Each structure stands twice: as C-alpha cells, then as structure tokens.
Amino acid sequence: MSKVAVLMAEGYEEGETLTIVDILRRADIHCDTFSFKGKFVRGMHGIIIEADKIFNNEIKKYDVLVLPGGRPGGTNLKDNPEVIKMVQFFNENGKYIAAMCSGTVVLSDAKVIANKKVTGYTGYAEKLIDGIFEDTVVVADQNIITSQGPATPFPFAYKIAEILGKDVTDMKEKMLYNFAGGK
C-alpha cells in the first residue's frame, strides 16, 4: 500500500491540508500528517489540529511527500533545513513530491524543479526558479506534482491518488466534484 506524508507547519492552510488528507484517505491511501514542534499545530485561520506524528526520518519510507501552503505555513516549511533535506532525499530517490500554493516555494529552494513543469499561487512564476511555470490548476511532471491554491486541493489530491494507481472516477461522482464543475 502506498504511503503519503503531509507536512503541517505552523500557519498551514487548513482547507488545502485537510482536504488533501480527506481525499487520500477516502481513496484508501495510507496518509499521515506530520508536525514539527508538538502534536498540535495552529493553521493560518487559527484552527488547531492534532497531527498523526512528529516529523522524523520515518518519512523516508513514504512514497509521496506533500507540502501544503499557508501563510506562514509555506514559509515555515521553506525555512526548515530538515524539510529541504527531506525534499532533496525524495527527489534523489525518485519519490513523488507534491506541493501546492505557497508550499511550492520549498521546491525551488530545494532545487528540485530544474526544467520541470510546475504551477503555484498567483504571481509565483518568479518564485519557482528553474521550473517551467504553467498557469494551470495541477501540473505533474516526472516526480513533481504541483497545484495553485486554496480552491485546488480537490484536483490536486485526485491527481496524487491517480498517480498512486487509484481510479477516482466514482469518488469524484460521490463527492459531487463533477457536479460542481470539476474535470
């Protein structure tokens, strides 16, 4: 069974983070949240969530590393040298790295997007250095999966599930994603 690690730094974007975890768990994908300074993490809108685990080297055994956005969540991930090292480990070992919104800047700082197609929050074309920026909702190129922002965690999480071999067609129907205009 594939395993996904979702990082939760102080100031994580609640809607992005929790939607990703919810969809992956609905898809029957093992998905754990990881915090940094204790089990409880405050999101950018003040919602405090208990993470499943504390950040550690166990993450290296996972198949996908997810970096949600948020303010200052994305910056807190980017400024953490252990996160940068983990992103580089995943890249060097051909494992998937998925980032959205302000979490995408971690990819640039970790220098893992050279000549890879990426997307990110509005105005991030200049921040995603070395990447080939595309103004689209979700971009998957080699081992990198990126998405734009708070309105895009559904297609982002569905893409992660599909890459891990899950057929999300029925799930999209049951979650009314297609009804709401999703593709």
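The values are calculated or read from the model by the stated rules, or taken from the named source; none is laboratory data. Not measured: the values here are computed from a predicted model. Quick reminder, even Gly has a Cβ in these numbers, built from the backbone with ideal geometry, and neighbours come from all protein chains shown.
Of the numbered conditions (1) surrounded by fewer than 21 Cβ atoms within 10 Å (Cβ to Cβ); (2) closer than 23 Å to Ile163 by Cβ; (3) β-branched (Val, Ile, Thr), Thr75 fails exactly one; give the number of that condition.
So the condition that Thr75 fails would be (2).
Go through Lys85, Lys53 for me and flag whichever is closer than 24 Å to Ala161 by Cβ and surrounded by fewer than 17 Cβ atoms within 10 Å (Cβ to Cβ).
The conditions single out Lys53.
Looking for something polar (S, T, N, Q) and touching a residue at least 40 places away in the same chain (Cβ under 8 Å) - is there at least one such residue anywhere in the range 19-32?
Checking the range 19-32: at least one residue is polar (S, T, N, Q) and touching a residue at least 40 places away in the same chain (Cβ under 8 Å).
Can you say whether Thr19 is in a strand (DSSP E or B) and surrounded by 13 or more Cβ atoms within 10 Å (Cβ to Cβ), as far as the supplied structure shows?
no
Mind checking which residues of the range 1-16 are surrounded by fewer than 24 Cβ atoms within 10 Å (Cβ to Cβ) and closer than 13 Å to Met100 by Cα?
Residues satisfying the conditions are Glu14, Gly15.
Looking at (1) in contact with a Phe, Trp or Tyr (Cβ under 6 Å, 6 or more places away or on another chain); (2) modelled with pLDDT of 95 or more; (3) more than 18 Å from Ser2 (Cα to Cα), which is the only condition Gly73 fails?
Among (1) in contact with a Phe, Trp or Tyr (Cβ under 6 Å, 6 or more places away or on another chain); (2) modelled with pLDDT of 95 or more; (3) more than 18 Å from Ser2 (Cα to Cα), the lone unmet condition for Gly73 is (2).
Filter the range 141-183 for residues that are more than 23 Å from Val105 (Cα to Cα) and charged (D, E, K, R); which is surrounded by the most Cβ atoms within 10 Å (Cβ to Cβ)?
Top of the filtered list is Lys172.
I need the full set of residues from the range 137-178 which are touching a Lys or Arg at 6+ places or on another chain (Cβ under 8 Å) and assigned to a helix (DSSP H, G or I), in order please.
Within the range 137-178, Pro155, Tyr158, Met171 qualify.
Among the candidates Ala157, Ala151, single out the residue that is under 16 Å from Thr17 (Cβ atoms), free of Cβ contacts under 8 Å to residues at least 60 places away in the same chain and aliphatic (A, V, I, L, M).
So the residue among Ala157, Ala151 that is under 16 Å from Thr17 (Cβ atoms), free of Cβ contacts under 8 Å to residues at least 60 places away in the same chain and aliphatic (A, V, I, L, M) is Ala151.
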